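Contents: one structure, followed by commentary.
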Amino acid sequence: MNSLYDMIFKRKSFRRFDDSLSLSMEELQNIMQHLNKLLPLIEDIKIKYRIVKREETTCKRGEYCLLVYSEQKENYLLNVGYLLEQLDLWMASQNIGVCWYGMGKPDVLKYHGLYYVIMLAFGKGRPEEFRKDYVKAKRKDIEIIWVGKQISNVTNIVRFAPSACNSQPWRVVNENNHIRIFRSTEVGSIIPKERIPFYNSIDMGIFLCFMEIALRHGQYVFKRIVCERQKSDAEQIEIARYTIY
Ligand SMILES: Cc1cc2nc3c(=O)[nH]c(=O)nc-3n(C[C@H](O)[C@H](O)[C@H](O)COP(=O)(O)O)c2cc1C
């Protein structure tokens, strides 16, 4: 199987799905099995997944939607972003097109005592429909998101993480291989102001997933600390720290 690192270059948000394609039962079962292999960012947060037909939600694209339900513990949104991005990348390796779908509403908001968080719309894609030239994906310049020494094959790669409305809230400061990851609260996007902490926290979990995939690919040995939740009116909120050895 292609590594998740390689899928960073292949994945993209699928917004058009070919209705003549559909996922087989076997493919759906593989997805369900794969859900158990996703590694959490935070161990003790209960999570459940449901896969429903797209028509059971307000989503307008894809054949199915993966709905995620979580305990609302500290940093649960980071955890959801981190988990589902692994799935997004893995699905690209299976030629399954995915779109994170923050706008969607599911049929059921509470499931086994857990709260609905977000959905991924997905459906079968053709290999040629995936991203061909990742450099052309619209992203902020490195200078905006990264301060301090750059890490080859990491700095330039992590910025391709997907985010709500492409808001790219991540900011990184590298001081002698102590990497501090922040969420900027001044992203200037069309997301309603009161919803920004919600979506951008999921985005930050996605970014941490990209960060670790890139670091591992570069064979860096690292330790990660997830920061405790902080006041959300600061310009930058510290999310996590990595120490590279
Ligand atoms: C948390 C989150 C929510 C998103 N919600 C939507 C959405 O509701 N509708 C949509 O079309 N795209 C949505 N997206 C996709 C982003 O717009 C997309 O990731 C971003 O523009 C970057 O493009 P790319 O994924 O093709 O690299 C969402 C992405 C994330 C991470």
Seminar exercise, completed: When region 119-138 is checked residue by residue, the ones that are open to solvent by 10 Å² or more (accessible area, probe 1.4 Å) and either away from the ligand (no atom under 13 Å from the Cβ) or of a type in the set (Val, Ile, Thr) (or both) are LYS124, ARG126, PRO127, GLU128, VAL135
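Conditions (1) closer than 20 Å to MET7 by Cα; (2) touching a Phe, Trp or Tyr at 6+ places or on another chain (Cβ under 6 Å); (3) among the aliphatic types (A, V, I, L, M), marked per residue:
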site	(1), (2), (3)
GLU43	no, no, no
LYS46	no, no, no
ARG50	no, no, no
GLN72	no, yes, no
CYS99	yes, yes, no
Exercise. If you go through region 230-241 one residue at a time, do you hit one that is of a type in the set (Asp, Glu), within 13 Å of the ligand (Cβ to nearest atom) and open to solvent by less than 80 Å² (accessible area, probe 1.4 Å)?
Worked result: no
Problem set entry | Neighbours by Cβ (under 6 Å, 6+ apart or cross-chain): first from region 90-101, more than 16 Å from SER24 (Cα to Cα); second among the small types (Gly, Ala, Ser) and within 15 Å of the ligand (Cβ to nearest atom) | CYS99/SER13; CYS99/ALA121; TYR101/ALA121
Seminar exercise, completed: Selection from region 198-215 of residues without any contact (Cβ under 8 Å) to a residue 40 or more places away in the chain and open to solvent by 10 Å² or more (accessible area, probe 1.4 Å) yields none
Exercise. When region 114-133 is examined, which residues are found to be under 15 Å from GLY62 (Cα atoms) and either part of a loop (DSSP other than H, G, I, E, B) or basic (Lys, Arg) (or both)?
Worked result: LYS124, GLY125, ARG126, PHE130
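Could you look through region 152-178, keep only residues that are of a type in the set (S, T, N, Q) and within 10 Å of the ligand (Cβ to nearest atom), and pick out the one that is nearest to the chain's Cα centre (by Cα)? Talk me through it step by step, then tell me what you get.
Here is the first cut: in region 152-178, the residues of a type in the set (S, T, N, Q) are 152-153, 155-156, 163, 166-168, 174, 176-177.
Of the ones still in play, those that are also within 10 Å of the ligand (Cβ to nearest atom) are 163, 166-168.
On the way: SER163: 7, ASN166: 12, SER167: 13, GLN168: 11 Å.
Selected residue: SER163.
Touching a Cys at 6+ places or on another chain (Cβ under 9 Å), over 21 Å from TYR76 (Cβ atoms) and not assigned by TED's automatic domain parsing to the domain that holds MET103: does that describe ILE190? Break it down stepwise before answering.
On the way: touching a Cys at 6+ places or on another chain (Cβ under 9 Å): yes; over 21 Å from TYR76 (Cβ atoms): yes; not assigned by TED's automatic domain parsing to the domain that holds MET103: yes.
Taking the combined requirement at face value, the residue satisfies it.
The values are calculated or read from the model by the stated rules, or taken from the named source; none is laboratory data. Only a predicted model underlies this, so the values are computations on that prediction, with no experimental measurement involved. Using ideal geometry, Cβ is built from the backbone for each residue, glycine included, and neighbour counts are taken over all protein chains shown. Accessible surface is based on the protein model in full, side chains and every heavy atom, while ligands, DNA and RNA are left aside. Shrake-Rupley method; radii C 1.70, N 1.55, O 1.52, S 1.80 Å.
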